[in-house]
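Structure record follows, encoded as structure tokens.
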Amino acid sequence: MHLQRLELHHKEQLLYSTIHTQEEERKRIAKDLHDEVGSKLNVIHINLYRLKK
């Protein structure tokens with residue numbers, strides 16, 4: 001019985017760690033995409049400003 005509880009606890013910790021890691025990776029990817037899109041929009045804005053002149 002005690003061994004089963006330990007195994008269950010270990011599995012819960014593994015699951016929590018996996019989910020936490022996935023969430024952190026999603027946040028990192030979202031930040032990278034946001035930064036990349038923002039950077040490209042700035043370049044477009046600058047080029048449009050130059051074309052207007």
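Annotations for the structure displayed:
- Most positive-pole-ward Cα, Val37, Gln22, Leu6, against dipole of the chain from beta carbon charges: Val37
- Full extension of the segment from Leu41 to Lys11, taken as 0.36 nm per residue of separation minus the current Cα-Cα distance, would add 6.3 nm.
- Positive minus negative residues near Lys31 (Lys, Arg vs Asp, Glu; Cβ under 14 Å): -3
- Tilt relative to the chain, helix 2-52 - C-alpha long axis, 0 to 90 degrees, to 10: 0 degrees
- Kirkwood hydrodynamic radius (C-alpha pairs) into Stokes-Einstein, the chain, 25 °C and 0.890 mPa s, D in µm²/s: 167 µm²/s
Coordinate-derived values only; no laboratory data. What you see is a predicted model, and the numbers here were worked out from it, not measured in a lab. With ideal geometry, Cβ positions are generated from the backbone for all residues, glycine too; neighbour counts draw on all protein chains shown.
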